[in-house]
Amino acid sequence: MPFSAQPPASGERYALSASLDNARHLSSLLRAVHFQDHATCLATASGLRVTVEDAKCIQANAFIQAEIFQEFSVQEESVMFRISLSVLLDCLTIFGTSSLPGTSTALRMCYRGYGYPLVLFLEEGGVVTVCKINTQEPDELLDFDFCSTKVVNKIILQSEGLREAFAELDMTSEVLQITMSPDKPYFRLSTFGNAGSAHLDYPRDSDLMEAFHCTQTQTNRYKISLLKPSTKALALSCKVSIRTDAQGFLSLQYMIRNEDGQICFVEYYCCPDENISEAEL
């Protein structure tokens, strides 16, 4: 019997219960935000959000919509807990990261509430493994307040264009400088490494550019060490939305299509490194 068809044990009431026919749909997204050991999980009726932060400078969110799951039930307005992301990923891939063709690991996930562990039931080829992962009090998360009304510049690129850019950029540079403008150079990525400065420009009519909405010229620098984790999500994605607000905060939203063609999102927020003076441009 598939996990989604199995009723909970008598008398047990779960604050969160969810099932997936293919656990890779979850594990691949979680790997895209796995740059710290711990994550904060928030479940609401709309789905599951897993958040990872580092040094109060960068935040990554993996969104798995409720429709992705075969079953998704939240008994409260929201359910929130902190968990070891490393342990969770180890459990999700307990049968291995690459299944044989035609096989997949089914997952049922249950959480009774505050103070209880997250319980995973994983089944593949008739073998069931049960994992119990301790949960913790969630930390207060950064609020980047990145609502659409505060966005100054936004472009949507096919991911292959950004993957090529990151492959060509000089990673000896401490910062990546991003220029977005309604006028030339429109969208420019710049590095300042051991071999000197390098610039990569994207014209607004490029085949890789799917949308271009820039209202003012902005140039901001971001630490490459903070942006590097986002390349995990970039590698999985088909499109990326790049947005900045008036303070230069950066949002990178990656659209990821799973093996079944369903769409999920991973979003990275990053603080600007410093203000750029006119003399440096």
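The values are calculated or read from the model by the stated rules, or taken from the named source; none is laboratory data. Here the structure is a predicted model, which means the values were calculated and not measured. No Cβ is skipped: glycine too gets one built from the backbone with ideal geometry, and neighbour counts run over all protein chains shown. The protein model used for the area step is the full one, side chains on, heavy atoms only, and it has no ligands, DNA or RNA in it. Shrake-Rupley method; radii C 1.70, N 1.55, O 1.52, S 1.80 Å.
Descriptive notes on the structure:
- Cα→Cβ-extended label distance, 7 Å offset, between H199 and R13, nm: 6.4 nm
- Basic side chains Lys and Arg get +1 at the Cβ, acidic Asp and Glu get -1 at the Cβ, and with that the dipole of the chain about its Cα centre reaches some 300 debye.
- Mean residue ellipticity (222 nm) of the chain, computed from DSSP H runs ≥ 4 via -39,500 (n - 2.57), nearest 500: -3500 deg cm²/dmol
- Cross-link pairs beyond the 26 Å C-alpha cut-off, checked among K154/K232; K56/K232; K150/K223; K184/K232; K132/K239: K184/K232; K132/K239
- Positive-end residue, the chain charge dipole about Cα centroid, Cβ charges, pick of L16, S78, A106: A106
- The HN-Hα couplings worked out from phi for segment 126-132 by the Karplus form 6.51 cos²θ - 1.76 cosθ + 1.60 (θ = phi - 60°) are x, 9, 10, 10, 10, 10, 10 Hz, whole numbers, x standing for Gly and Pro.
- Dimensions in Å of segment 49-118 - Rg and Dmax from alpha carbons: 14.5, 42
- The distance between label points at E164 and K56 comes to 4.1 nm (points 7 Å beyond Cα on the Cα→Cβ vector).
- Contour minus Cα-Cα distance for E137 and V119 (0.36 nm per residue): 4.8 nm
- Added length on full extension, which subtracts the Cα-Cα distance from 0.36 nm per residue, T215 to Q247: 10.1 nm
- Annotation: R108 carries an accessible surface of approximately 20 Å², with a 1.4 Å probe and no ligand, DNA or RNA atoms counted.
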